[in-house]
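K.L.:
Below you will find the structure I want to go over with you.
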Amino acid sequence: MLRNLIFLFLLVFAGCRDHSLINSSSIKMIKAVRYRTPTDSITQTYTASREIDHIVKGLNSNKKEPVYFTAPDCDIHIIYGDSTLNVLCRGNAMKYKGATYRLNHSVEEILY
């Protein structure tokens, strides 16, 4: 009986490890638009799976918290086969689907 209880306890907590916002399974490409000035920007395209995994891991390592979010300095477009997600970033904060998150690393570190 005790063994069954321990197994049930481990099973419950085994599924609680990964709470990722962005699913990386079928991403075709990531485009990052970095704004240097309001009228000047640089667009970078990432298609290698290693780069995509690094970016998604960096964006998923976050903590939801209310952040005063001004104009973004980077706009990340995550392109799937049938849809596109848009993530706005500034420094070490991001805005995704109306909610703000504090990233563990800055956007510059995430995008290399």
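Read-outs: derived from the displayed coordinates by stated rules, not from any lab. Being a predicted model, the structure only gives us computed values, none of them experimental. With ideal geometry, Cβ positions are generated from the backbone for all residues, glycine too; neighbour counts draw on all protein chains shown.
K.L.:
Enter the angle in degrees (range 0 to 90, nearest 10) between the Cα long axis of helix 49-60 and the first principal axis of the Cα atoms of the chain, meaning the one along which they spread out most.
P.N.:
Around 80 degrees separate the two axes.
K.L.:
For residue 90, what residues show an amide H to amide H distance below 5 Å, using hydrogens built from the backbone and excluding near sequence neighbours?
P.N.:
Placed amide hydrogens put 73 under 5 Å from residue 90.
K.L.:
Provide, as a two-decimal number, the C-alpha radius of gyration of the range 20-110 over 2.2 N^0.38 Å, N being how many residues it has.
P.N.:
1.02
K.L.:
Between residue 36 and residue 51, how many nm apart are label points set 7 Å from Cα along the C-beta direction?
P.N.:
The modelled label-to-label distance comes out at 1.9 nm.
K.L.:
Ordered by residue, what ³J(HN,Hα) values in Hz, to whole numbers, does the range 99-112 give under the Karplus form 6.51 cos²θ - 1.76 cosθ + 1.60, where θ = phi - 60° and Gly and Pro are x?
P.N.:
Karplus-based 3J(HN,Hα) across the range 99-112 equals 9, 9, 9, 9, 7, 6, 10, 6, 4, 4, 5, 5, 8, 6 Hz.
K.L.:
Taking the Cα-to-Cβ direction at residue 44 and at residue 4 and moving 7 Å from each Cα, how far apart do the two end points lie in nm?
P.N.:
Placing both labels 7 Å along Cα→Cβ, they lie 5.5 nm apart.
K.L.:
For the range 20-110, please report how many Lys pairs fall under 19 Å Cα to Cα, leaving out neighbours fewer than 8 apart on the same chain.
P.N.:
So the count works out to 10.
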